[in-house]
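Have a look at the structure below before the remarks.
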Amino acid sequence: MKTTIEEAKENIHNDLVDNLQSLLEKNYDAEKGFKKALEDTDNPNLKEYLKFQAVKRNRFATELDKHIHDLNEKPIEKGSSAGDLHRAWIDIKTAFTNNDSEAVLEECIRGDKNSIKEYEEKLNKYNYPTEIKSTLLTQLSEIKETVHNIKKLEDLNTNWQ
């Protein structure tokens with residue numbers, strides 16, 4: 001039988017791992033989303049930018065994967081069904097719009113805004129160990145920067161034509 005302290009430590013550990021798994025899943029979805037967006041545009045400059053973003057999300061996933069392994073847990077290996085639905089929506093939206101680049105950029109912004117919301121909720125709700133918190137804050141900052149950059153690109157959409 002576990003003591004109250006042992007049970008509390010186990011619950012804290014499980015909550016930590018669950019939060020990291022959720023963010024890992026979000027980054028798998030984001031990486032796939034950027035790769036999908038890459039397929040939905042013919043613009044070579046936009047393709048390069050989206051490829052860079054997909055690689056960045058792969059790096060985020062790798063960092064989270066390492067933290068989960070460091071906690072002696074097995075990381076999840078794929079994204080969510082919600083991410084699959086979002087990518088299908090990108091297909092539908094770009095099929096019915098005249099400006100594929102703008103539609104792709106809008107969906108990238110929407111996906112990243114959801115990521116920002118999830119990161120902020122998890123950071124505000126849970127007290128992470130210093131190294132993990134540092135990783136999450138850095139990733140959040142980079143996602144916010146991406147949204148800012150995509151908004152600028154969308155405003156300057158003529159650069160993608």
For this session: Go through 136-147, 19-30, 113-124 and give me the packing order, highest mean Cβ count within 10 Å leading.
Result: 19-30, 136-147, 113-124
Exercise. Evaluated at 25 °C with a viscosity of 0.890 mPa s, what Stokes-Einstein diffusion coefficient in µm²/s does segment 1-64 have when Rh comes from the Kirkwood expression over alpha-carbon pairs?
Worked result: 179
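Taken together, the values in this text are just the output of simple stated rules run on the coordinates, not laboratory data. Predicted, not measured: the structure shown is a model, and the values here were computed from it. Here Cβ is always computed from backbone atoms with ideal geometry, including for glycine, and neighbour counts include all displayed protein chains.
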